[in-house]
1. Pop the C-beta distance of Arg72 and Thr35 into the FRET formula with R0 = 25 Å and round what comes out to the nearest 0.05.
2. So which GluC sites (Glu not before Pro) in the stretch 26-75 end up in coil per DSSP with only 13 or fewer other C-beta atoms within 10 Å?
Amino acid sequence: MIETSERERGAGRKEAMREHGSPQPARPIHCRICTIIIGRGYEEKRPIPLTHGRGFVCWQCYASIRRQAARRAAERQEAEDAPAR
Ligand SMILES: [Zn+2]
């Protein structure tokens, strides 16, 4: 009885563990934006994971995303501060 429940639980766990267990993918992956290969032995070694599991980007694109986000946030802030008309 214990054996059965453990096996069932183990099967479900293993699937979840595989995704969470390895922070760095073993195989080289492509940047979602500029599509360069990221991985060991390549120019870009550290992939930056995107939110919501949308893949990975290289540092250059990550920095670019950050800049864009910061600018957009600043623009939004200005629009809020400035009177509508
Ligand atoms: Zn890139």
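What follows is calculated from the coordinates using simple rules that are stated; it is not laboratory data. Predicted model only: the values in this text are computed from it and were never measured. Every residue, glycine among them, receives a Cβ derived from its backbone with ideal geometry; neighbour counts consider all protein chains shown.
1. 0.60
2. Here the sparse-neighbourhood loop sites are Glu43.
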